[in-house]
Each structure stands twice: as C-alpha cells, then as structure tokens.
1. Pick from THR181, THR186, THR199: which is surrounded by 15 or more Cβ atoms within 10 Å (Cβ to Cβ) and either more than 9 Å from the ligand (Cβ to nearest atom) or free of Cβ contacts under 8 Å to residues at least 24 places away in the same chain (or both)?
2. Considering only the stretch 153-178, state which residues are open to solvent by less than 80 Å² (accessible area, probe 1.4 Å) and either within 13 Å of the ligand (Cβ to nearest atom) or hydrophobic (A, V, I, L, M, F, W, C) (or both).
3. Considering each residue of the stretch 211-231, count those that are within 25 Å of the chain's Cα centre (by Cα) and open to solvent by 20 Å² or more (accessible area, probe 1.4 Å), and give that number.
4. Take the stretch 144-165 and flag every residue that is among the hydrophobic types (A, V, I, L, M, F, W, C) and under 15 Å from ALA99 (Cβ atoms).
5. Taking strands (runs of 3 or more DSSP E) that do not extend beyond the stretch 22-89, which have at least 2 residues that are surrounded by fewer than 19 Cβ atoms within 10 Å (Cβ to Cβ)?
6. Determine whether the stretch 226-236 contains at least one residue that is closer than 30 Å to GLU112 by Cα, outside any loop (DSSP other than H, G, I, E, B) and near the ligand (Cβ under 9 Å from one of its atoms).
7. If a residue must be buried (at least 19 other Cβ atoms within 10 Å of the Cβ) and more than 15 Å from the ligand (Cβ to nearest atom), how many such residues does the stretch 136-147 contain?
Amino acid sequence: MTMGMIMIGEWRLIRNTISNIPKEIFAIFGNPVSHSKSPLMHNLAFAGLGYDACYTRHLLVEGNALKETFFSLGLKGINITVPHKEAAFNACDILDPFAKKIGVVNTIVAREGKLYGYNTDAPGFLKAISEFTGVKTILFLGAGGTAQSTSSILRDEGYEVTLLNRSKDRLEKYKMDGFETYTFETFNAKAYDLVINMTSAGLEDDSLPAPKSILDAVIPQTKACIDVIYGKETPFLKLAKSHQKSTKDGSDMLLYQGIIAFEHFTNYHYDFNEIYPHMKKAFDFN
Ligand code: NDP
C-alpha cells in the first residue's frame, strides 16, 4: 500500500513535471554567452503572452557543431551571437533573402526538420535609428560583422554609408561592394548626419573606436552619435556628450532585434506591438 502510494506520488510528480515541460525550447548560442540578455527578454515575453515555451543559453565553442547541437538539445529555435553568425549561416537549409544576401544569420527556427535562417540585427538597428529624422549620410566607425549587415540594409533604405576602420583588410569587401571606405591614415573629416560606433572598442576596455583627433573633427559636424554597445556609457558616447551631441546606445537595437526574432520563433503569432511591452521589461534589470 505504502509502496503503491509512493508510486502514485512519484507518478503524479512525474506527470506534473512532464506537463510543466514547455512545448517549445529556445536558446542563444555563443561564446561567451553568459552576459546575454536574450534569455530574460524572451522568457518575459513568453510568460507575458502565455506562450508555452522557455529560452535558455548554450556555450557553443565550435561553430561547426551548431546544427548537431541544435537537434541534440531538441530546440525549436535559437539566436546566435559572437562568433558564430557565419557558422549559423552555413548551418541553415533555407535562408531568408536578406540573410542570404549578407551571409550573416542571428536567428534560426526549425520547421519540419529543416533550419530556417534570418538576420534580425539589421532590421532591429534600422528601427532603432528611425527616431533620427532628416538623416542621409552616416559614418560607420568599424567594419566587422555588425557593420556588414547594417550597412547593407541602410543602403537598401537609401542612406549613404561611409566606413572608417582601423585595419585595411576588412574594408576590401565593402570597397568591392561600392561603399566609400577609409582607414585612419586616408580619412579626411567632413560632415555626416550620424556617426555610429560599430566596433567593440569600449565594450571591455576604455578605448575609443578611432583616434581622438579624428573623432574631435567629425563629432562637432554631426547631428547625433550612436553606439551599438549597450549597458554602459562607452568612451565614444562620453566624448560625444562632451561635444554636446545627442547620443543613443545599443539597447533599442538589442530589444528590436529580439522582438523581430520572437515574431519568427512564434511564426508571427504575435506582432511587434504585442511583444514590445513584455520584452522591454528586461531593460528594467541591470
Ligand atoms: P567584429 O569582431 O565582427 O568586428 C569588430 C570591429 O571592431 C572591427 O571593425 C575592428 O577593427 C573594430 N575594433 C575592435 N577593437 C577596436 C579598437 N580598439 N579600436 C578600433 N577598432 C576596433 O564584431 P561585431 O561586428 O560582431 O560586433 C561589434 C560590436 O557590435 C560589439 O561591441 C557587439 O557587442 C555589438 N553588437 C551589438 C548588438 C546590439 O543588439 N546592440 C548586436 C550585435 C553586435 P579591425 O578590423 O581593425 O580589427
């Protein structure tokens, strides 16, 4: 009898546990990944909207293990952060046209055993800068992966993007793609409507994205300065403020790319404005 009751109790526990297992599991893959705000953002939205899913994080060391890891963990979808966005592109069976064009994927959803790849960083960034009106010319400081996706979407939207980068090599593909490009040695300052830090300078150190003499020449001529880094005031934004310029960090970009990824994850079950208030709460935490 006791044995039977224990067994029933165990069964109930197992049944309750099983019924609490979310229907869909999502994750962020990256290296490092511990700092990511994405699990908090997505879990707040799942809970707030009553969608039966949860979102976790996974430290992926080898990019070429992405697909195998995805299926072995039984995931429905993932976001991908540094340094695996190109590996994510290669892992997909079906690519959305924009992700295919730029070769960078930060969102994957599994449908009937196939991996569908998207880039939500670029449209997220585009939305984040839409508050700045009357903008035509933009100077990018940096030419890495984030600059690659965002420069492409900005050009598609009619902005003129110029790239200024520390090393020459990274600029080659932009040059071949018809962008105006400069290194610190070849650059002559002129007026740009926006100046945007697309580098990781200031993320974990106190460095500026370009020599101070160059920044002191371009910042006074611009309307506003933007940084894609979030969660801290970078030396670049501090310098912009010292020139009395309006500034914006990367928080909205992070939030908006997450909302767009959530739309893909839930197969457009919710729209942007429904997701926004839930996901935005993640930014109330430090
Ligand atoms: P990459 O590694 O692809 O590129 C890094 C770029 O930064 C290169 O152009 C590199 O120049 C430049 N750089 C790095 N350190 C310095 C320095 N000390 N001085 C000058 N230039 C420097 O990085 P990503 O493009 O993937 O990421 C760039 C930033 O964007 C990161 O800080 C990341 O956190 C942020 N990000 C923010 C997002 C958001 O949602 N807010 C989303 C995605 C990224 P060089 O060629 O000379 O090495």
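The values are calculated or read from the model by the stated rules, or taken from the named source; none is laboratory data. All values derive from a computational prediction rather than experimental measurement. Note that we place each Cβ from the backbone using ideal geometry, even for glycine, and neighbour counts take in every protein chain shown. Heavy atoms of the whole protein, side chains included, go into the accessibility calculation; ligands, DNA and RNA do not. Shrake-Rupley method; radii C 1.70, N 1.55, O 1.52, S 1.80 Å.
1. Values: THR186 fails: surrounded by 15 or more Cβ atoms within 10 Å (Cβ to Cβ); THR199 fails: either more than 9 Å from the ligand (Cβ to nearest atom) or free of Cβ contacts under 8 Å to residues at least 24 places away in the same chain (or both).
Unique residue meeting the criteria: THR181.
2. Going through the stretch 153-178, the residues open to solvent by less than 80 Å² (accessible area, probe 1.4 Å) turn out to be 153-154, 158-159, 161-165, 167, 171-172, 174, 178.
Of everything in the stretch 153-178, those that are open to solvent by less than 80 Å² (accessible area, probe 1.4 Å) and either within 13 Å of the ligand (Cβ to nearest atom) or hydrophobic (A, V, I, L, M, F, W, C) (or both) turn out to be ILE153, LEU154, VAL161, LEU163, LEU164, ASN165, SER167, LEU171, GLU172, TYR174.
3. The number of residues fulfilling the criteria is 4.
4. First pass over the stretch 144-165, keeping only residues among the hydrophobic types (A, V, I, L, M, F, W, C): 147, 153-154, 161, 163-164.
Residue satisfying the conditions is ILE153 alone.
5. Working: elements: 24-30, 53-59, 77-80.
Per the criteria, 24-30, 53-59.
6. As a first pass, look at the stretch 226-236 and keep what is closer than 30 Å to GLU112 by Cα: none.
No - not one qualifying residue is present in the stretch 226-236.
7. Residues that pass the stated criteria total 1.
Residues are listed down the side, and each one gets a yes or a no for (1) under 19 Å from the mean Cα position of the chain (by Cα); (2) touching a residue at least 60 places away in the same chain (Cβ under 8 Å); (3) open to solvent by less than 50 Å² (accessible area, probe 1.4 Å):
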site	(1), (2), (3)
PRO209	no, yes, yes
MET253	yes, yes, yes
GLU263	yes, no, yes
HIS278	yes, yes, yes
